[in-house]
Amino acid sequence: MIGLADCNSFYASCEKLFRPDLRGRPVVVLSNNDGCIVALSAEAKALGIRRGEPYFRCRTQLERGHVAVFSSNYTLYQDMSDRTVEILRSLACDVQPYSIDESFFSLPGGTDPETYAGRLYNTLKRRTGLTISVGIARTRTLAKVANHMAKHTRGWMVLREEDERAVLASTAVSEVWGVGWRYQATLVSLGLKTALDLACMDERRLQRFPVTFRRTVAELNGVACIESLPDVRRSFISGISFSVPKTSLAQIMQTLSCHCRNLSSKMARRNLAASEVFVQLGTDRFAEDYRLLECSAALPRASNYAPDLLAAVKPALEAVFVPGLRYKNSRVGVFGLCPLECRQWSLFDDESRIEAARKRDTMAALVGQRGDLRTLTDSFGDKRRICRSEFLSPCYTTRWSDIPGAG
Ligand SMILES: [Mg+2]
């Protein structure tokens with residue numbers, strides 16, 4: 001059997017965790033730069049507030065509903081996610097994080113799924129303070145369905161083979177994991193409304209769909225075919241929208257250094273290095289003379305060290321920058337990711353160069369682990385300072401000065 005542990009309203013729950021005064025109160029979390037709503041607590045959902053809505057448009061509604069508003073605090077969310085995965089690893093087998101708030105796992109041998117699911121739910125709640133639903137079934141896709149049901153019942157759910165058909169008959173096709181909006185119109189036109197309709201889909205019809213979709217259908221029928229999740233990312237992107245347009249090369253360069261620092265930490269935490277960077281600048285996309293400028297550049301050798309990334313980004317920016325434009329956003333992407341230990345050295349990389357690169361890996365790893373260790377990248381911009389984050393909560397679990405006191 002395969003399990004899925006998924007935290008309910010994750011970002012909003014993390015914000016509530018250290019604020020007992022917010023118990024029962026609606027909470028929303030805003031995107032980077034306080035742009036739009038990215039997460040809501042159940043109480044906020046009940047008020048009819050929707051995800052994706054721009055903050056400025058629903059401000060009055062939020063005030064009227066006494067909604068607590070937070071800027072996104074990814075340091076807090078990532079740390080709570082890491083803690084949860086660590087606890088899960090001590091209780092389950094073969095734990096595979098799927099997103100910041102979801103992990104698949106296998107059940108330890110010889111356990112009764114019902115007893116295990118209940119115990120896991122309670123232990124996770126006690127040790128993290130978060131409500132984490134547990135769904136268990138024969139395949140990952142069915143475990144997703146079970147998890148969805150668990151959220152609306154007592155918090156855990158074991159979907160047994162004999163109950164699968166009945167449950168799928170009451171699950172809308174749009175709720176099935178892997179059936180994206182791309183397929184929805186097609187499925188509706190074929191008259192397939194429920195997950196059970198999908199599971200019973202005619203073999204000949206099915207052949208017209210891509211293999212990933214056919215796997216989803218097989219999984220609904222209890223055939224596990226999504227064995228492992230791709231855990232090596234192919235790219236990371238960091239972006240900022242500016243509230244006041246930027247015009248000079250130096251100003252833009254400062255924002256790109258934020259991205260490099262940010263991407264360096266992301267890669268270092270996962271032991272990855274990039275071989276290519278990508279720079280993108282955009283003007284106001286609602287204006288008639290909208291411009292999007294892009295350029296990519298290769299690194300001399302794969303790295304995750306922020307100064308190495310910046311050295312590649314700089315000429316790319318100079319190549320693409322057009323003076324006189326009013327830039328509204330900048331993005332940097334890293335591509336060609338590989339695990340650090342699989343990095344290719346060039347013909348000219350002698351012992352001393354390899355040694356120096358390894359030292360830079362260590363420094364990047366240190367900065368990645370300790371966000372407050374800034375000496376190495378002090379001249380780099382700080383994304384948190386450039387982005388508007390008016391309602392940022394403290395880093396309760398990762399910064400000494402922010403640890404909440406008792407009493
Ligand atoms: Mg979730």
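Just to be sure I understand: with springs between alpha-carbon atoms less than 10 Å apart, which residue in 177, 156, 345 has the highest mean-square fluctuation in the Gaussian network model of the chain?
345
Using the number of other C-beta atoms within 10 angstrom as an exposure proxy, rank 246, 359 with the fewest first.
Numbers: 246 21, 359 11.
Arranged by neighbour count, lowest to highest, 246, 359 become 359, 246.
Counting only Cα, what are the radius of gyration and maximum Cα-Cα distance Dmax of region 1-156, in Å?
Computed over the Cα atoms of region 1-156, radius of gyration and Dmax are 16.4, 55 Å.
Could you list which residues have their amide H under 5 Å from that of residue 326, counting only those 5 or more apart in sequence or on another chain, with H placed in the peptide plane?
Correct list: empty.
What is the distance in Å between the Cα centres of region 190-215 and region 1-50?
The distance from the Cα centre of region 190-215 to that of region 1-50 comes to 34 Å.
Which percent of Cα pairs goes in each bin when the distances of region 236-386 are cut into 10 angstrom slices starting at zero?
So the P(r) values, bin by bin, are 11, 41, 31, 13, 3, 0.
What angle, in degrees between 0 and 90 and rounded to the nearest 10, separates the Cα long axis of helix 140-151 from the longest principal axis of the Cα atoms of the chain?
80
Excluding residues on the same chain fewer than 8 positions from residue 193, give the lysines whose Cα lies under 30 Å from its Cα.
List returned: 45, 144, 151.
Counting only residues 5 or more places away or on other chains, whose amide H sits under 5 Å from the amide H of residue 171 once H atoms are built in the peptide plane?
Amide H neighbours of residue 171: 195, 196.
Can you list the residues, at least 5 places off or on another chain, whose amide H is less than 5 Å from the amide H of residue 393, using H built in the peptide plane?
Residues meeting the amide H criterion: 71.
Please name whichever of 244, 256, 131 sits farthest to the positive end of the charge dipole of the chain, dipole taken about the Cα centre and charges placed at Cβ: Lys and Arg +1, Asp and Glu -1.
Of the listed residues, the answer is 244.
Quick one: check the C-alpha center-to-center distance for region 316-373 versus region 110-189, whole angstrom.
Spelled out, the Cα-based centre of one part sits 40 Å from the other.
Within 10 Å, count the other beta carbons around each residue, average over each peptide in 266-275, 39-48, and list them highest first.
So the order, starting with the most tightly packed, is 266-275, 39-48.
Could you work out how far helix 113-128 tilts from the main Cα principal axis of the chain, as a 0 to 90 degree angle to the nearest 10?
Between the helix axis and the principal axis of the chain, the angle is about 40 degrees.
Angle between the Cα long axis of helix 306-320 and the longest principal axis of the chain, 0 to 90 degrees, nearest 10?
Once rounded, one gets 70 degrees.
Taking the radius of gyration and the Kirkwood hydrodynamic radius from Cα positions alone, what is the Rg/Rh ratio for the chain, to two decimal places?
On the way: Rg = 23.6 Å, Rh = 23.9 Å.
With Rh from the inverse mean 1/r over Cα pairs, Rg/Rh is 0.99.
Based on Cβ point charges of +1 for Lys and Arg and -1 for Asp and Glu, what charge dipole magnitude is obtained for region 197-256 about its Cα centre, in debye rounded to the nearest 20? Working shown, then result.
Numbers: 8 positive and 6 negative charges, 64 e Å.
Taking the Cα centre of region 197-256 as origin, the dipole is about 300 debye.
Positive end of the dipole of the chain, charges at C-beta (+1 Lys, Arg; -1 Asp, Glu), about the Cα centre: which of 194, 115, 275 has its Cα farthest in that direction?
The residue sitting farthest along the positive end of the dipole is 194.
Let me know the charge dipole size of region 236-386 about its Cα centre in debye, to the nearest 20, where only the beta-carbon of Lys, Arg (+1) and Asp, Glu (-1) is charged. Show your work: numbers first, answer last.
Working: 22 positive and 16 negative charges, 111 e Å.
Here region 236-386 has a charge dipole of around 540 debye.
In whole percent, what relative contact order does region 7-135 give with Cα contacts below 8 Å and a gap of six or more residues?
On the way: 173 pairs, mean separation 31.2, N = 129.
Dividing the mean separation by the residue count of region 7-135 yields 24 percent.
Calculate the all-directions average of the projected area of region 27-101's alpha-carbon convex hull, and give it in nm².
Numbers: hull surface 23.2 nm².
If I average the Cα hull's projected area over directions, I get 5.8 nm².
When we measure straight from the Cα of residue 16, which aspartates and glutamates land under 14 angstrom away, once same-chain ones fewer than 8 places off are left out?
Counting by Cα, and skipping residues close in sequence, residue 16 has these aspartates and glutamates nearby: 43.
Check cross-link reach from residue 314 to the lysines: straight Cα distance under 27 Å, and skip same-chain residues fewer than eight apart.
Result set, ordered by chain and number: 246, 266, 328, 359, 383.
Would you work out the charge dipole size for the chain about its Cα centre, treating the Cβ of every Lys and Arg as +1 and the Cβ of every Asp and Glu as -1, and quote it to the nearest 20 debye? Before the final figure, lay out the partial values.
Numbers: 56 positive and 44 negative charges, 152 e Å.
So the dipole magnitude of the chain works out to roughly 720 debye.
Along the charge dipole of the chain, Cβ charges K/R +1 and D/E -1, which of 357, 297, 22 sits furthest on the positive end?
After comparing all options, I get 22.
Taken together, the values in this text are just the output of simple stated rules run on the coordinates, not laboratory data. Note that the coordinates shown come from a computational prediction; the quantities given were computed from them, not determined experimentally. Quick reminder, even Gly has a Cβ in these numbers, built from the backbone with ideal geometry, and neighbours come from all protein chains shown.
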